[in-house]
Structure formats: C-alpha cells, structure tokens
1. How large is the convex hull of the Cα atoms of the stretch 54-103 per residue, expressed in Å³ as a whole number?
2. How many angstrom separate the Cα center of the stretch 1-63 from the Cα center of the stretch 215-286?
3. For the stretch 1-117, what percent of Cα pairs sit more than 17 Å apart?
4. Can you list the lysines whose alpha carbon sits under 29 Å from that of residue 24, skipping same-chain ones fewer than 8 residues off?
5. D for the stretch 99-186, whole µm²/s, Stokes-Einstein with Kirkwood Rh over alpha-carbon pairs at 25 °C and 0.890 mPa s: what number?
6. Tilt of helix 167-184 relative to the longest C-alpha principal axis of the chain, in degrees (0 to 90, nearest 10)?
7. When the expected Rg is taken as 2.2 N^0.38 Å, what fraction or multiple of it is the alpha-carbon Rg of the chain?
8. What is the ratio of the Cα radius of gyration of the stretch 208-350 to 2.2 N^0.38 Å, with N the residue count, to two decimals?
Amino acid sequence: MKVNIPLKKVVDNSYDITIDSLEKQYFDTKVAIITNPKVAGLHLGYLLSKISAKELYIITVPDGEEYKNQQTIDTILESLFNHRFNRKSLLIAFGGGVIGDMTGYVSTIYQRGIDFIQIPTTLLSQVDASVGGKTGMNNSYGKNLIGAFHQPKSVLIDPLFLTTLPSREFGAGVAEIIKMAVTFNKDFFTFLETADLTQSDILQEAIQKAVQTKADVVAQDEKEHGIRAALNYGHTFGHVIENETKYKKYLHGEAVAIGMVMANETSLKMGLISEDEVLRVKKLLEKYNLPVTYSIKDIDSFYETFFLDKKSSDTTITFILPVGLGGVKITDRCEKNLIIDVLNQFNDSV
Ligand SMILES: NC(=O)c1ccc[n+]([C@@H]2O[C@H](COP(=O)([O-])OP(=O)(O)OC[C@H]3O[C@@H](n4cnc5c(N)ncnc54)[C@H](O)[C@@H]3O)[C@@H](O)[C@H]2O)c1
C-alpha cells in the first residue's frame with residue numbers, strides 16, 4: 001500500500017524590491033529590527049522615523065562576520081521567544097550581509113518560518129546579499145555551510161545609507177556589481193566603464209541594474225541548480241584567496257575581484273574571451289581601487305584548496321568562466337594543467 005502526498009504545488013513567493021528613499025510604514029503586528037551597534041548608531045534614528053509597529057523591538061547583535069554563528073542565532077531566537085513572537089510577527093534585517101543572512105536564517109527556523117524584510121545598508125548587501133533568499137551562518141567547518149533558501153517578503157533599498165560606508169566596503173560592493181555585468185549584461189558593463197558611481201543618481205541606476213540582473217537570474221533558478229551558480233564568478237579563486245589569507249587581508253569583494261582576474265585568464269587560455277576584454281575588466285576593477293594581483297606561494301596547495309569549495313565534488317572543481325562580456329560558462333571540465341598554467345601567472349617568481 002502507498003500513501004501519496006501531492007506536494008507539486010506552485011507556490012508564488014514573488015516579492016518586490018524597492019530602490020528609493022524609505023517610505024513611512026506601519027505594521028499591525030509585532031516587529032523586531034535586527035541590527036548591530038554600528039548600523040544602529042548611524043541609522044536607527046532615521047529608520048525609526050519611517051517605521052512603526054503595533055509592538056516594536058530592537059535586537060542588537062555584535063558586528064562582524066565572526067559573529068555569524070549559532071551563538072548569535074540562539075541569542076536572537078531567545079529574544080523572540082521572550083517577547084512571545086508568533087507566526088504573524090515580522091523580522092526586519094537592518095544592516096549588511098551578515099545581519100541579512102542571520103535574520104533570514106532565524107526567520108526560516110523560528111516556529112518553522114516567519115516573514116522577514118530586508119533593509120540592506122551596505123552596497124554589497126543592496127546589490128547582492130539581500131536579493132534572492134539565501135540565508136545562512138558559518139561554523140567551524142567554513143563559511144555559509146548552514147542555511148536555507150527563504151525569500152524575504154520585500155527588500156527596501158535606500159541608497160542614503162551608503163553615504164556613511166567606508167570606501168573599501170563601497171569598493172567591495174562594486175566588485176559584485178562588476179561580477180553581474182561581466183557575466184550577464186554587456187550593456188551594463190559598458191555603462192559601468194563610463195559611469196561615475198560617486199554620483200548618487202548614477203549609483204542608484206547601477207544598483208537598480210545590478211538588482212534587476214540578479215532578480216532575473218534568481219527567477220530562473222531559485223535554488224541554484226543551474227544558472228544561478230554563475231553568480232559565483234570570481235568566487236572559486238576568491239574563496240581560496242580568502243582561505244589562504246585567513247579572511248583578514250581582503251574583504252570578500254576584494255578577493256572576488258582578484259578571483260575574477262584569475263577566471264578571466266582561464267577564459268583567455270580557453271579562447272572564451274579576448275585579451276582586450278580581459279584588460280577592460282581589469283581596468284574597471286582598478287577604477288574602484290580593487291586589487292587585481294596576488295602572489296601565490298604554493299601552487300599545489302592553492303589548487304587543492306579548490307576542493308573545499310561548495311561547488312566542488314571529491315574529484316571535480318567547478319569554474320565560472322566569462323564568455324566575452326555578458327556571457328558565462330559553468331564547467332567542471334577544466335584541465336588541471338591549464339589551471340596550473342593560470343596559477344603560475346600569479347606565482348611569486350614569475
Ligand atoms: N545571502 C546571499 O546571497 C549573500 C550574497 C553575498 C554575500 N553574503 C554574505 O554577506 C556578508 C557580507 O556582507 P557585507 O559586505 O555587507 O558585510 P557586513 O554585513 O559585515 O558589513 C560590513 C561592515 O559595514 C558596516 N556597515 C553596514 N552598513 C553600514 C553603513 N551604512 N555605514 C557604515 N558602515 C556600515 C557593518 O556594520 C560592518 O562592519 C557575508 O557574510 C557574506 O557571506 C550573502
């Protein structure tokens with residue numbers, strides 16, 4: 001005998017991403033704003049002038065990637081239980097990608113799932129982390145190894161928050177913007193080559209184009225079974241660089257910038273991109289003071305570290321390679337010799 005559970009329902013999780021000054025909003029429910037002391041110090045006053053609720057709580061957690069872990073998740077859960085949050089309550093992520101990932105994760109597991117809204121305050125989180133519903137936290141085995149796909153109810157992007165962002169953090173966000181342009185949108189890339197992102201209206205346009213690009217990809221492949229993996233362009237190499245430098249020397253976007261240069265050299269060797277296109281990407285990265293060089297000390301060890309990547313299997317490594325500008329190829333069939341040749345270009349002695 002069999003019992004069938006017919007679960008093949010189409011669930012519409014669509015949501016809007018607004019890129020504009022925050023509008024005043026009242027929520028007729030319990031709301032918790034989850035943030036950190038830095039963001040709260042800079043911008044909570046402004047947020048509270050826009051958002052009100054039947055009951056409003058502020059949950060502040062320590063600032064930093066090293067706190068994106070189970071202990072902080074437990075602190076947030078504890079606070080929600082103490083305030084008797086229920087399934088109709090709402091969480092608001094107010095901060096960069098760290099806060100966004102953790103708030104998303106808590107909203108996935110609290111009473112098996114409650115709603116949350118993203119209000120991202122770094123450029124990286126505005127153009128990338130807040131969009132697409134990936135949530136997660138780190139553990140002793142690595143970054144983002146625990147998590148779930150759980151889409152927010154909405155994303156409210158107010159570029160005003162970026163006025164207080166340190167320039168390196170700004171550059172790290174630009175790296176993710178460039179990533180999306182190179183892989184999916186040649187016109188966007190050309191726009192970035194001449195755009196001055198320090199101008200607020202141009203920056204807002206770039207954010208809108210990046211968010212649209214990511215939204216289009218996520219709409220095709222929400223759970224990263226295929227094309228969404230292309231958003232990891234620069235990350236296969238970048239993760240090794242972050243690992244080698246113990247997450248201290250480079251911000252994530254900076255490591256991704258070097259990773260993009262390495263991926264481009266791989267594409268060049270495979271005849272997927274021209275020398276001129278490789279140079280154009282490098283020039284654009286340099287325009288935002290992003291690093292484009294790296295000295296590999298031990299090529300074999302660098303290569304072996306590729307296998308720690310979430311996209312790798314025991315025997316294969318997945319590379320995301322640009323095809324010209326605006327195109328991309330996802331492959332686990334790169335010859336080891338070819339990759340070693342590329343890595344040798346970044347060798348100390350060369
Ligand atoms: N879920 C996803 O799809 C996704 C995608 C990319 C990255 N991420 C995650 O995002 C995280 C990185 O995000 P991030 O770069 O925003 O880092 P972050 O959240 O650590 O923020 C960087 C720093 O900027 C501060 N900050 C935030 N807003 C500010 C503002 N307006 N002015 C001044 N300082 C401000 C933060 O307090 C922090 O010190 C990583 O944990 C990464 O794994 C997730």
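The values are calculated or read from the model by the stated rules, or taken from the named source; none is laboratory data. None of these values were measured; they are calculated from a predicted model. We place every Cβ from the backbone using ideal geometry, glycine too, and count neighbours over all the protein chains shown. Just the protein is used for accessible areas: all its heavy atoms, side chains included, with ligands, DNA and RNA removed. Shrake-Rupley method; radii C 1.70, N 1.55, O 1.52, S 1.80 Å.
1. Numbers: hull volume 4.0 nm³, N = 50.
Residue-normalised Cα hull volume stands at 79 Å³.
2. So the separation of the two Cα centres works out to 30 Å.
3. Value for the stretch 1-117 (Cα pairs over 17 Å): 59 percent.
4. Output for residue 24: 38, 50, 54, 88, 134, 153, 209, 214.
5. Using the Kirkwood radius from Cα pairs, D works out to 176 µm²/s.
6. Helix 167-184 sits at roughly 70 degrees to that axis.
7. Taking the Cα Rg and dividing by 2.2 N^0.38 Å, one obtains 1.02.
8. Output field value: 1.01.
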